[in-house]
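The values are calculated or read from the model by the stated rules, or taken from the named source; none is laboratory data. All values reported here derive from a predicted model rather than from experimental measurement. Here the Cβ positions follow ideal geometry from the backbone for every residue, glycine too, while neighbour counts run over all protein chains shown. In case anyone asks, the SASA skips ligands and DNA or RNA and just uses the protein heavy atoms, side chains included. Shrake-Rupley method; radii C 1.70, N 1.55, O 1.52, S 1.80 Å.
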Amino acid sequence: MITETVATGTREGGLGLRADGVALGHGGRTVVAGLDLAVRAGEILVIAGPSGCGKSTLLRALAGLLPVTAGRLTAGDAPVTGPSPDRALVFQDDALLPWRTALRNVELPLAIRGVPRRERRAAARDWLGRVGLADAAGRYPRELSGGMRQRVQLARALAGAPRAVLMDEPFGALDAQTRAGMQALLLDVLRAAPATVVFVTHDVDEALALGDRVVVLGAAGVTAQITVPHPRTPVRDPALRDALLRALGAQEREAV
Amino acid sequence: MTVVEERTVTVPVRRERPVVRRAVRGLALLGALGVWQVLTAADARVWVRFDRLPGPVEVAREFGRQLGHGPYYADVAQSLVRILTGFGLAAVAGIGLGIALARSRWAQDLLQPLLEVARPIPAIALVPVAILLFPANEQGIVFITFTAAFFPVLVSTRHAVAALPGVWEDAVRTLGGGRWRVLTGVVLPGALPGVFGGLSVGMGVAWICVVSAEMISGDFGVGYRTWQAYTIVDYPGVLVGMITIGVLGRATSGLVELAGRRLLAGRLG
């Protein structure tokens, strides 16, 4: 039963996210300043940029883990003041609790919400099935490959029926083949459970394969924006790829 | 490369059978007992003097006699109550304060200086303070035991908590978990392997201190009985006490390790 409610929970549509004049930093060091960005409800927005440009910092701020030093972040109609199960964060690696099995990791958001054991177990099993890991339910993270761990993480993030999923280079540590499989899986899973996705990557092909829109981030905020004409399809568009590479290249030179 | 491979092939050939190894170990132990018996029976004086030390046969006979009498068990029970009380309190306080120190700046500023001042003092040196502070001997001994076990647990808990990767806590918070969930769902289970290291060490030190404290100021207990036997020139009784202390120490650390293995099952190999 709960799988139904969980699924409808996400089907209600994604959460719009906004940054207005946002500055971010840690330890007195400003990473990004004057950032304006609007993420439309239900879209996949890819944030690209050189390392150190503040992609991950922005994602942490959107998740509510890092307060802004200036400006305003809003999720839906409400300002972001802290973490919320509405905005799930998927980390690059090793974010699964190693003392919990895959199944119990996926159960976690439901357990936090107080869903009774039997229901949350069924829902978690369903989610593991959707990411192709029905057989790995009883295994611990250390017994899973990097790709499998990321699939469990995806299932865990989505099991809580978040309205926005923030993904911080989630496939960055995987080999090319696994990575392509994961991208397809992500799009597949999102079709059944739509949510707003903010996806950070520095891989141009990944950005174009997943994004409805790609923005390039620099120290002064968004420096370029590309709308993908045939989003969420494996269509290759060399001209678009060149345009994004140029935008990233300009960013890279500026950063140096 | 080939040389290395050849070596790895030859290793299994030289492996001893476990039965043989166990027999060798048993014989080594029996051999030591035999040497002890011979030396004491011959009243050997080879700079170290064996003429007053009781031999293993004498000790075994005394052990048998004591095992048939009530006071032996009363002493064992008394020592166990002391160690379990002191150790239990130390475990609770050490884990609690260790977490607080690792996670709260207030706790750090308030407690750190105090604890740093008290830590270098060996627990057994607190005996005079314990006698002054506590109305009953019993409480003093438990206090000494507590202090002994407290610091290893505290220090290892603090380090284990401080070393936790932040990503686990971030993950739980972004899934909707609050402070309590982070504490019980991430900090405690995450720090558990390190905490058990401290508990093991703490149990060992606690035994040293309970026995010493009993020798100094006890009215009952294995340590008291051992010292008592010495003062009345009952040397076999002293050795029975020593062996009892060893067995109890081994049993209690074994319990701590067993609990650790149970709780950490699945996480380790």
Backbone N within segment B:227-242 under 16 Å of label point (7 Å from B:Arg49 Cα along the Cβ vector): B:233-235
Computed accessible area, B:Leu258, all protein chains, 1.4 angstrom probe, square angstrom: 80
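Compute the accessible area per residue over segment A:21-135, keeping the other protein chains in place, probe 1.4 Å, unit Å².
Numbers: 4720 Å² over 115 residues.
In whole numbers, segment A:21-135 has 41 Å² accessible per residue.
Roughly what % antiparallel, to the nearest 5, for the DSSP beta bridges in the protein assembly as shown? Mind showing how you got there, number by number?
Working: 22 of 40 bridges.
The antiparallel fraction comes to roughly 55 percent.
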Accessible area that becomes buried as A packs against B, both chains, 1.4 Å probe, Å², nearest 100: 1800
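Taking a ≥ b ≥ c as the square roots of the Cα gyration tensor eigenvalues, with a/c under 1.5 meaning rounded and otherwise prolate when a/b beats b/c, else oblate, which class fits segment A:81-165?
On the way: a/c = 1.69, a/b = 1.20, b/c = 1.41.
The shape class here is oblate.
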Given charges at Cβ of Lys, Arg, Asp, Glu: segment B:125-269 dipole, positive-most of B:Gly246, B:Ile131, B:Leu164: B:Leu164
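Calculated FRET efficiency, B:Leu111 and B:Leu80, Cβ-Cβ r, R0 41 Å, to nearest 0.05? Working shown, then result.
Working: r = 31 Å, r/R0 = 0.75.
So the FRET efficiency works out to roughly 0.85.
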Most fluctuating residue given options B:Pro122, B:Pro71, B:Pro113, as computed from a GNM of chain B linking Cα atoms under 10 Å: B:Pro113
Separation between Cα centres of segment A:145-208 and segment A:24-88, rounded to whole Å: 18
Largest-first ordering by accessible area, 1.4 Å probe, given options B:Phe143, B:Phe196: B:Phe143, B:Phe196
Two-site FRET efficiency, B:Tyr230 against A:Arg113, from Cβ-Cβ distance with R₀ of 51 Å, rounded to 0.05: 0.20
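When a/c reaches 1.5 or more, the comparison of a/b and b/c decides; with that in mind, is chain B rounded, prolate or oblate per its Cα gyration tensor?
Details: a/c = 2.63, a/b = 1.27, b/c = 2.07.
It is oblate, given that a/c is not under 1.5 and a/b is not larger than b/c.
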Label-point gap, in nm, between B:Ala28 and B:Tyr73 - each point 7 angstrom along Cα→Cβ: 3.6
Computed [θ] at 222 nm, helices only, for chain A once each DSSP H run of length n ≥ 4 contributes -39500 (n - 2.57): -12500 deg cm²/dmol
Apportionment of accessible area to carbon and sulfur, segment B:56-263, percent (1.4 Å): 70
Residue-normalised accessible area of segment B:15-72, given per residue in Å² at a 1.4 Å probe: 81
Neighbouring partner chain Cβ atoms per residue of A:89-95, average, 10 Å criterion: 4
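Work through the residues other than B:Val182 whose Cβ is under 12 Å from its Cβ and net out their charges, Lys, Arg +1 and Asp, Glu -1.
Values: positive: B:Arg103, B:Arg173, B:Arg179, B:Arg181; negative: B:Glu169, B:Asp170.
Within the 12 Å Cβ shell, the charges total +2.
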Chain A: most fluctuating residue of A:Ile112, A:Ile47, A:Ile226 per GNM, C-alpha cutoff 10 Å: A:Ile112
Gaussian network model of chain B, springs between alpha carbon atoms under 10 Å - residue of B:Val155, B:Val247, B:Val76 with greatest fluctuation: B:Val247
Approximate spin-label separation B:Arg261-B:Ala136, in nm, with each point projected 7 Å along Cα-to-Cβ: 3.7
Cut-off 14 Å between beta-carbons: net charge of the residues surrounding B:Leu39, Lys and Arg +1, Asp and Glu -1: 0
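Could you compute the FRET efficiency for A:Arg236 and A:Ala38, with r as their C-beta to C-beta distance and R0 at 30 Å, rounded to 0.05? Please list the in-between numbers first.
Values: r = 28 Å, r/R0 = 0.94.
Once the sixth-power term is evaluated, E becomes 0.60.
Please get the size of the charge dipole for chain B, origin at its Cα centre, with Cβ charges of +1 on Lys and Arg and -1 on Asp and Glu, quoted in debye to the nearest 20.
On the way: 25 positive and 17 negative charges, 172 e Å.
It comes to approximately 820 debye.
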